[in-house]
1. Would you calculate the separation in nanometres between label points at M75 and L33, each defined as 7 Å from the Cα along the Cα-to-beta-carbon direction?
2. So how much slack lies between R93 and D24, counting 0.36 nm per residue of separation and subtracting their Cα-Cα distance, in nm?
3. Less than 14 Å Cβ to Cβ from A62, Lys/Arg counted +1 and Asp/Glu -1: what total charge do the surrounding residues give?
4. Return the distance in nm (one decimal) between the two label points of a simple spin-label model at V163 and F67, each offset 7 Å from Cα along Cα→Cβ.
5. Would you mind checking which residues have amide H under 5 Å from V84's amide H? H placed 1.01 Å from N; only 5 or more apart, or other chain.
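Coordinate-derived values only; no laboratory data. Bear in mind that the values here come from a model prediction, so they are computed numbers and not experimental data. Note that we place each Cβ from the backbone using ideal geometry, even for glycine, and neighbour counts take in every protein chain shown.
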Amino acid sequence: MARIDEPETAGLAGDPGRLLALSDGIFAIAMTLLVLDVAVPDDLDVRAFREALDDLWPKVAAYGLSFTILAAFWMDHRRIFLWVRHVDDAVLRVSLCGLGAIALLPFPTALLAEYPGRTVSVALYAGTIAVTDLLHLALFVIVWKRSRLQHEPIGDRVGRAMVADLITSIVVFGASVGIAFASPRAAMWSWAVLLPVKFVMGRRARAGVRTP
């Protein structure tokens, strides 16, 4: 009697190509939506135009920050899929949840741009980043621990480096959610801790990645 495999979601599991195409599209749309809030009203006199430009800087800063973060997420996602030869139901579900968080990011970015000193704005932004990183971590661990999904085995040293890299972001952004309730400005400054740490840890993680 033939073995009956557990059904997978609507036949979408298998070749990762379709999932990667969907992911690229969602990342591209989210990156594009970020810039829609960076605009100056029409028909302004010289004084109003200068004031509008001054008011625009928080939006430009929020755009730059979120674009950089989305670019990092996209590179992490692509890096994970360098190992993937087969997508199963778990990979599909976690990936879709992660893409949902990516698609949401323009909303907290707009709040951060308009209300950078508000606790809710900073906490929601940091929480969205932390959740997205957590989903990327779950995706990588699933791929790491299921050798049948891989082109080639993921070494333990590389796996631990990737996990540590992702956990660092989760800890920093997660902690900043709590810090935001005491000082939104301090919470935003705490994100700068990631710059040197991610640089070092990211290099270690990338060192073990080989294109199949």
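1. Distance between the two pseudo-spin positions: 2.4 nm.
2. Residue separation times 0.36 nm, minus the Cα-Cα distance, leaves 23.2 nm.
3. For residues surrounding A62, the net value is -1.
4. According to this spin-label approximation, the distance is 3.6 nm.
5. Here H151 satisfy the definition.
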